[in-house]
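Notes follow once the structure below has been shown.
The values are calculated or read from the model by the stated rules, or taken from the named source; none is laboratory data. Here the structure is a predicted model, which is why all the values come from computation and not from measurement. We place every Cβ from the backbone using ideal geometry, glycine too, and count neighbours over all the protein chains shown.
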Amino acid sequence: MIIAPPSPRGPLYEWHLNAAAQFGLVDGWPVALRYPPREPQPESNMLMDLSHWPAWELGGRETERALQELCGGTVPLRQIRPLDSGYVCRLTPSRALVFGKLPGPIWGALDVTGGWSAVVLAGPDRERILSKITSVDLRDTTLPALSCCQGPIFGVNTLFCRFPDRFELHVCPDSLQFFWDVLLDAGQEFGLQPAGLESYHRLRGTSE
């Protein structure tokens, strides 16, 4: 008898389970797809879990070569380059992170999925919510859309990725439960609600 290996579970699996989320398997991960009886409206303040997303690191002297191969050109420092199934964050001249699926083998790409978890904060009050819990300057003039920076949220080192309609926040998986609770608490006065992966795809206009 062949016994299948257990499915990987994100740090928030039990939280979603206790909140009565409906799950589906994505690349072998049980992922919260939706919250009954219905998902938050698209214009609502929403918090979504992307712990199942793969993460890759490009580092060392070959970083520029790998970026050329992946993006067809360079990526400026602290900028984001969207890809078909994710995006690239250029952190330093010799380090970049890729979140999402790679389009194919990339020279020197190191799988660091186990070192990162991600959540998405979307809605009209997303910047106000974050400003309650971090000293990082999140104004458009300092952190415009498609740019990234690192800084603390309640002592948790966070990679802030800003998009026109959302923030994607990347942290160590060991800190994700605390991080999630802090965000929900900060967003309570703004009606922040958990949402599933289906809401994330509607937000991005994708179906993956």
For this session: Kindly list the number of the only condition in (1) at pLDDT 95 or above; (2) of a type outside the set (Lys, Arg); (3) surrounded by 20 or more Cβ atoms within 10 Å (Cβ to Cβ) that fails for Ala66.
Result: (1)
Exercise. Out of Gly28, Gly59, which single residue is over 15 Å from the mean Cα position of the chain (by Cα), more than 20 Å from Ser94 (Cβ to Cβ) and modelled with pLDDT under 95?
Worked result: Gly28
For this session: Would you kindly identify the strands (runs of 3 or more DSSP E) lying entirely within region 12-107 that contain at least 1 residues that are of a type in the set (Val, Ile, Thr)?
Result: 22-26, 29-34, 80-83, 86-92, 95-100
Problem set entry | Given (1) crowded, with 20+ Cβ neighbours inside 10 Å; (2) in contact (Cβ under 8 Å) with a residue 40 or more places away in the chain; (3) touching a Ser or Thr at 6+ places or on another chain (Cβ under 7 Å), index of the condition Gly60 fails | (1)
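Scan Leu77, Leu97, Leu17 and give me the residue that is outside the structural domain of Pro144 (by TED's automatic domain parsing) and either in contact with a helix residue (DSSP H, G or I) (Cβ under 8 Å, 6 or more places away or on another chain) or without any contact (Cβ under 8 Å) to a residue 60 or more places away in the chain (or both). Before you say what the answer is, go through the steps one by one.
On the way: Leu97 fails: either in contact with a helix residue (DSSP H, G or I) (Cβ under 8 Å, 6 or more places away or on another chain) or without any contact (Cβ under 8 Å) to a residue 60 or more places away in the chain (or both); Leu17 fails: outside the structural domain of Pro144 (by TED's automatic domain parsing).
It is Leu77.
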Exercise. Mind checking which pairs have a first residue in region 22-49 that is on the phi > 0 side of the Ramachandran plot and a second that is surrounded by fewer than 19 Cβ atoms within 10 Å (Cβ to Cβ), Cβ under 8 Å, 6 or more apart or different chains?
Worked result: Asp27/Pro54; Gly28/Ser7; Gly28/Pro8
Seminar exercise, completed: Note: among Leu138, Leu169, Leu143, just one is hydrophobic (A, V, I, L, M, F, W, C), free of Cβ contacts under 8 Å to residues at least 60 places away in the same chain, under 22 Å from Pro124 (Cβ atoms) and buried (at least 21 other Cβ atoms within 10 Å of the Cβ), namely Leu169
